[in-house]
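Contents: one structure, followed by commentary.
The values are calculated or read from the model by the stated rules, or taken from the named source; none is laboratory data. Values in this document were obtained by computation on a predicted structure and should not be read as measured data. So basically every Cβ, Gly included, is an ideal-geometry build from the backbone, and we count neighbours across all protein chains shown. Quick note on the areas: whole protein, heavy atoms, side chains included, nothing else; ligands and nucleic acids left out. Shrake-Rupley method; radii C 1.70, N 1.55, O 1.52, S 1.80 Å.
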Amino acid sequence: MEGHTTAINNAMVITMEPGQPILEQGSILVEGDCIADVRAGSDFSAAPHRDIIDGTNLLVMPGLVNCHTHLPMSLFRGLADDLPLDVWLQEHMFPAEAAQMTPAVAEKWAFHSCGELLLSGTTCCCDGYFYEDHVARGVERSGIRAVLGQGVMDFPAPGVPDPGENIAVAEKFIDKWKDKNPRIHPSVFCHSPYTCCADTLKKAKEMATSQAVLFQIHVAETRNEMALVLSSQGGRASSVVQYLDGLDILDDRTLMVHCVWLDKEDIGIVKARKSSVVHCPESNMKLASGISPVLSFMAAGMDVGLGTDGSASNNNLDLFSEMDMAAKLQKTALDDPCALKAKSVVEMATLGGARALGLDRHIGSLVVGKKADLIAIDLRSPHLVPMYDPFSALVYNARGSDVIHVMVDGVFRIKDRVWGD
Ligand SMILES: [Zn+2]
């Protein structure tokens, strides 16, 4: 890597830097693992150790950030569809995991999912699962960037037969991966307020805080969850968010996934605690969980990222498809075609996601000094012609399969749609 540079010349460049216009003819210089220059209207010439990519007919933008996955669960894609969440989870997913998930299977399917992510333009994902040490090995081999959370639940889980060990296993994972690979950020993934008791939630959060890592948790995904959590509280909290806040779970290192059933008061709490939210519209639609009030989150100034959830409840990891659904779902829910405009959705899938994960100093936009995580989209596909508004085309026309090159950390992981493993 030392001394190696890549120049992409004469491409349409969307940097996603706030206030920066689209560069109709822009060029990007990558040195080592970082962006060294971004310019309008000039080419970077050939030089020793420099690869030149002709960007004619390419749209170059930051790699997408998928803020919520369960990578090994691609194994269960299509295994049980058209079911409510509790039935899907308790009667199909948990038994399938108990029967089939092993360390080798977790690593194999994590690697498989990373291929799907990279080939559809995602350069960073945030995962929560079990056997996360093995997930990390698959992720490391794939070349993608990731936040990885070892799962914590109060009953036997893959790799954690004794729930009493759940936090210790998560901490061991963090200790192992903390400084191992700069592309991998270990974290804690507490499954949910209905699979973890108050004591587990508190202790897991305390451990995450002492390790200075992200704490991920599914929050207020379904109406059932609300009823379940609140009934266990005997009236001491009137919402899941209030319950978690009472346990001191919410702060600026908490990533709250789904947040479908939040009211105005909850939004005020989340905003005050500076916690981030992940919107997973396709999973919420498929499980009929409800519609997250994403526009209210954005209006409150909260950091909102976009996620696919696992392939078993989506059933793919294509964030382009997720962007399309996110925009259309809000329009439908609010009976307003102006709601959640295309540019806001692209921001959610790039810089917004990077902010939600606490990685925006390093990724999320194409600016000098940030990591060279970028994707190039082939603009010659018939469904991308003509292009009046690139943001509109990215959200409503483009598909993951339009991504032709993918660079992570200055290295092309996908070149001409070939995954270079
Ligand atoms: Zn999930």
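Among the residues of the range 147-167, those identified as under 25 Å from THR122 (Cβ atoms) and of a type in the set (Gly, Ala, Ser) are GLY149, GLY151. So, in the range 393-405, of the ones that are assigned to a helix (DSSP H, G or I) and open to solvent by 40 Å² or more (accessible area, probe 1.4 Å), which residue ends up farthest from MET348 (Cα to Cα)? My answer is SER401. Residues that are within 16 Å of the ligand (Cβ to nearest atom) and in contact (Cβ under 8 Å) with a residue 24 or more places away in the chain are absent from the range 330-339. If you go through the range 307-328 one residue at a time, do you hit one that is over 13 Å from the mean Cα position of the chain (by Cα), outside any helix (DSSP H, G or I) and away from the ligand (no atom under 16 Å from the Cβ)? Looking for residues that are over 13 Å from the mean Cα position of the chain (by Cα), outside any helix (DSSP H, G or I) and away from the ligand (no atom under 16 Å from the Cβ), one finds none in the range 307-328, hence no.
For LEU262, are the conditions met, namely being in contact with a Phe, Trp or Tyr (Cβ under 9 Å, 6 or more places away or on another chain) and in contact (Cβ under 8 Å) with a residue 60 or more places away in the chain? No: the conditions fail for LEU262.
Would you check which residues across the range 86-116 are closer than 24 Å to ALA349 by Cβ and within 16 Å of the ligand (Cβ to nearest atom) and list them? Those that are closer than 24 Å to ALA349 by Cβ and within 16 Å of the ligand (Cβ to nearest atom): TRP109, ALA110, SER113.
For the range 179-237, a tally of residues being charged (D, E, K, R), under 15 Å from ALA168 (Cα atoms) and open to solvent by 20 Å² or more (accessible area, probe 1.4 Å) returns 4. The conditions are (1) in contact (Cβ under 8 Å) with a residue 40 or more places away in the chain; (2) more than 22 Å from VAL152 (Cα to Cα); (3) aliphatic (A, V, I, L, M); (4) more than 13 Å from the ligand (Cβ to nearest atom), and LEU247 fails exactly one of them. Which is it? Condition not satisfied by LEU247: (2).
Look at (1) away from the ligand (no atom under 15 Å from the Cβ); (2) under 30 Å from MET12 (Cβ atoms); (3) open to solvent by less than 10 Å² (accessible area, probe 1.4 Å) and you find that THR56 fails only one, number (3). Checking VAL278, VAL270 one by one, the residue that is surrounded by 21 or more Cβ atoms within 10 Å (Cβ to Cβ) and either assigned to a helix (DSSP H, G or I) or without any contact (Cβ under 8 Å) to a residue 40 or more places away in the chain (or both) is VAL270 and no other. For ALA36, state whether it is in contact (Cβ under 8 Å) with a residue 60 or more places away in the chain, surrounded by fewer than 22 Cβ atoms within 10 Å (Cβ to Cβ) and of a type in the set (A, V, I, L, M). Judged against the criteria, ALA36 is a match.
Applying the condition of being of a type in the set (Val, Ile, Thr) and touching a residue at least 24 places away in the same chain (Cβ under 8 Å) to the range 356-392 and asking which residue is most open to solvent (accessible area, probe 1.4 Å) yields VAL368.
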